[in-house]
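To start, the structure itself, in structure tokens.
Read-outs: derived from the displayed coordinates by stated rules, not from any lab. What you are looking at is a predicted structure, and each value in this text was computed from that prediction instead of being measured. Positions of Cβ are generated from backbone atoms using ideal geometry, with glycine treated the same way; all protein chains shown enter the neighbour counts.
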Amino acid sequence: MTNLLSMFARGGMSGIIIMVLILICSIIAVAIIVEKFLILRKARINASHFIMRVKNLILKDNVEDAIELCSRTEGSLPKVLKKGIAKHHRDKKEVQETIEGAGREEVYNLEKNLGFLATISGVAPLLGFLGTVAGMIIAFMEIERLAGNVNATVLAGGIWTALLTTAFGLSVGIPSYFFYNILLGKVQRIVYDMEVGSNEIIELLYSEKEDEFKGREQITHNF
């Protein structure tokens, strides 16, 4: 904490506001990263294993048990499938629309605040550059005020303190961008599992109904 405060002091009055803004960005970024990791940890499940269990129940004509399994299982995929399977007695188009609506809601919740994290990853370095430019302007204004009667030590010191804001901004922006891409990849994987799993269950539900309908037609034809 002492080192951080000393860095703020060395940044000079010209950059202290910008460094405070970058610090706020870093706190928000950490909060978003922790929150998203916790949410995505709950949302992600072993999709292939779960789909297999649901399929087995449907094949055994235990649709209610399949719905109950979805209710007991945490994750985005079970939530989406539960809403779709619950309407298995409706036509295929309505079930697809229900699943698509539930899927969009889950995707929104999964991606929530990720855009803000991406913004921080871009804004933090820009704030740092702004602080550096402001510091350099003030340094050259001081050189003009002293009519050029400055030595290399004074000039180097001014540049060094100005560059602190850039370093601080990059130290926030780079990790934010790194974690944004990791989190985005996790979200895309969950979305892929939802799409594939939903399609498999819909096809299974209505292939069962089609087989049943064909069987009834065959019996009627025989008689």
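Things worth noting here:
- When only Cα pairs below 8 angstrom with a gap of at least 6 residues are kept, the range 17-112 shows a relative contact order of 23 percent.
- Gained length - K60 relative to N181, 0.36 nm times residue gap less alpha-carbon distance: 39.4 nm
- Distance between modelled label sites at L23 and A167, nm, 7 Å Cα→Cβ extension: 1.7 nm
- Modelled spin-label separation between S207 and S71, with each label point placed 7 Å from Cα along the Cα-to-Cβ direction: 2.8 nm.
- Packing rank of 50-63, 186-199, where each peptide gets the mean count of other beta carbons within 10 Å, highest leading: 186-199, 50-63
- Neighbour cut-off at most 16 other Cβ (10 Å), DSSP loop, GluC sites (Glu not before Pro), the range 34-98: E74
- Gain upon complete extension [M136, K112; 0.36 nm per residue less C-alpha separation]: 4.8 nm
- Residue separation of T119 and E105 scaled by 0.36 nm, minus their Cα-Cα distance, works out to 2.8 nm of gained length.
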